[in-house]
């Protein structure tokens, strides 16, 4: 434990879909003063996300699904356009994302390229998201995708011209951080 944190106490608030703890601790600030702190820490496990791209056609595959927290924060439809993503569960990040790609998009992809790992909301969520890119072609399509029915997934699959998807950041049609980061990565690296 870092020397500037002590007396950590966790109280379980919920273990319904994920685990929510109330955490109290003492924190020593940069001037040496100790202050009591209280936070809520949400642990839903780590995840992985991927953007599928087709260099020949200059396109990307994105998904769209209901994200209830966005509805509660001003998104009138609750629908969110984003990259394919999911929790790791008991898998390593690469295995997990290949499984999610096929379930959500219907593409069978054999190779993915790691981009980076990021905390997406470190003020309250423990999750690290492992970000990937992967090339796809029409011949990689093995099903319609749409998610796993037993998990109540209802995912729409969209193929966009990269320029259109990138412009959707500015118009506000794409507001998901991992999607913005991966679209920018494709542009900055000159991949599309």
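Could you check region 103-122 and list, in sequence order, the residues that are within 14 Å of residue 62 (Cα to Cα) and in a strand (DSSP E or B)?
107
In region 89-102, is there at least one residue being surrounded by fewer than 16 Cβ atoms within 10 Å (Cβ to Cβ) and either in a strand (DSSP E or B) or not assigned by TED's automatic domain parsing to the domain that holds residue 160 (or both)?
no
Kindly check whether there is at least one residue in region 1-18 that is within 18 Å of the chain's Cα centre (by Cα) and either closer than 26 Å to residue 187 by Cα or not assigned by TED's automatic domain parsing to the domain that holds residue 131 (or both).
yes
Looking at 71, 53, which is the one that is under 19 Å from residue 111 (Cα atoms) and surrounded by 14 or more Cβ atoms within 10 Å (Cβ to Cβ)?
Residue meeting the stated conditions: 53.
For every residue, the table says whether it meets (1) closer than 22 Å to residue 176 by Cβ; (2) exposed (fewer than 11 other Cβ atoms within 10 Å of the Cβ); (3) free of Cβ contacts under 8 Å to residues at least 12 places away in the same chain.
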| residue | (1), (2), (3) |
| --- | --- |
| 12 | no, yes, yes |
| 22 | no, no, no |
| 28 | no, no, no |
| 36 | no, yes, no |
| 61 | yes, no, no |
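Out of curiosity, is residue 121 outside the structural domain of residue 10 (by TED's automatic domain parsing), within 30 Å of residue 38 (Cβ to Cβ) and either surrounded by 14 or more Cβ atoms within 10 Å (Cβ to Cβ) or without any contact (Cβ under 8 Å) to a residue 24 or more places away in the chain (or both)?
yes
Just one of 165, 111, 149 is in the same structural domain as residue 64 (by TED's automatic domain parsing), exposed (fewer than 12 other Cβ atoms within 10 Å of the Cβ) and in contact (Cβ under 8 Å) with a residue 12 or more places away in the chain; which is it?
111
The values are calculated or read from the model by the stated rules, or taken from the named source; none is laboratory data. Treat the numbers as computed from the prediction; the structure is a model and nothing was measured. Here Cβ is always computed from backbone atoms with ideal geometry, including for glycine, and neighbour counts include all displayed protein chains.
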